[in-house]
Amino acid sequence: MSSLFKSSLAVALVLGFATTAYAATGQFGNMCSWGLANHKDVATDCSVNTSIKGKTYCFSSQEAKANFLKNPTANLAKAESFYKSEHKG
């Protein structure tokens, strides 16, 4: 292996670990808040997120986040209700 390849591989690994470590931890077990508001369980890595009243909420995409934020109060209430009914315990 060339030293350039080894260096490139090392940089790629470090960036990969840094990105993984940077992903936020959100409410609802990192489920997409927009999905929950629409009665769907959609897992996320929480790389797309927003903060509402000091809490982090995750989204599966920028589009899901934008839709949720059109009416955050109502959507949060729907998401909380669905999450509580489906994820007891």
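We did not get these values from a lab; they are worked out from the coordinates using the rules stated. Because the structure is a prediction, the values reported are computed rather than measured. Every residue, glycine as well, gets a Cβ built from its backbone with ideal geometry; the counts of neighbours run over all protein chains shown.
Each principal axis of the Cα cloud of the stretch 23-86 was evaluated for its coordinate range; sorted largest first, these ranges are 27, 22, 22 Å. Distance between the 7 Å Cα→Cβ label points at residue 38 and residue 69: 1.8 nm. Annotation for residue 50 and residue 88: the two label points, set 7 Å from Cα along the Cα-Cβ direction, are 3.2 nm apart.
Per-residue packing, averaged as other Cβ atoms within 10 Å, sorts the ranges 63-76, 30-43 into the order 30-43, 63-76, beginning with the highest.
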